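Q: One structure, pasted below without further comment.
The values are calculated or read from the model by the stated rules, or taken from the named source; none is laboratory data. As the structure is a prediction and not an experimental result, all values here were calculated from the model. When we count neighbours, we look across all protein chains shown, and the Cβ atoms used for this are built from the backbone with ideal geometry, even at glycine. These accessible areas exclude ligands, DNA and RNA; they are computed on the full protein's heavy atoms, side chains included. Shrake-Rupley method; radii C 1.70, N 1.55, O 1.52, S 1.80 Å.
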Amino acid sequence: MPNLQVKDIDKSLYNWLRYFAKEQNRSLSQAVVTILQEKAAKTKVMPRNPVDDFLSYSGTWADERSADEIVSDIVGSRNNSERFETKNGLFD
């Protein structure tokens with residue numbers, strides 16, 4: 001199992017942890033793990049949204065093409081679909 005070492009802990013917090021551990025009939029280490037587990041269970045960690053990351057990016061655009069050239073490439077790369085063609089009888 002991984003270990004965690006905490007340095008420079010405040011003396012009053014350390015004394016509280018010792019008291020908490022004794023009240024729970026646990027070792028100091030077990031008490032700390034229990035507190036962390038309870039806190040982690042109550043905390044809802046939201047996954048990062050790639051769209052938010054992209055929108056918050058303050059870098060520069062690396063493409064040398066103009067916007068018209070990029071749009072033209074996107075339109076040209078689309079597959080033709082017959083879904084809305086007049087052949088299906090919906091648009092006669």
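Q: Identify the single condition in (1) under 30 Å from residue 5 (Cβ atoms); (2) modelled with pLDDT of 85 or more that residue 43 does not satisfy, given that it satisfies every other one.
A: (2)
Q: Counting only residues that are more than 34 Å from the chain's Cα centre (by Cα) and open to solvent by 100 Å² or more (accessible area, probe 1.4 Å), which one in region 13-32 is nearest to residue 3 (Cα to Cα)?
A: Here the answer is 18.
Q: Residues being under 19 Å from residue 37 (Cβ atoms) and more than 33 Å from the chain's Cα centre (by Cα): count how many of those fall in region 1-12.
A: 0
Q: Name the residues in region 49-91 that are open to solvent by less than 100 Å² (accessible area, probe 1.4 Å), of a type in the set (D, E, K, R), at pLDDT 75 or above and in a loop (DSSP other than H, G, I, E, B), would you?
A: 63, 65
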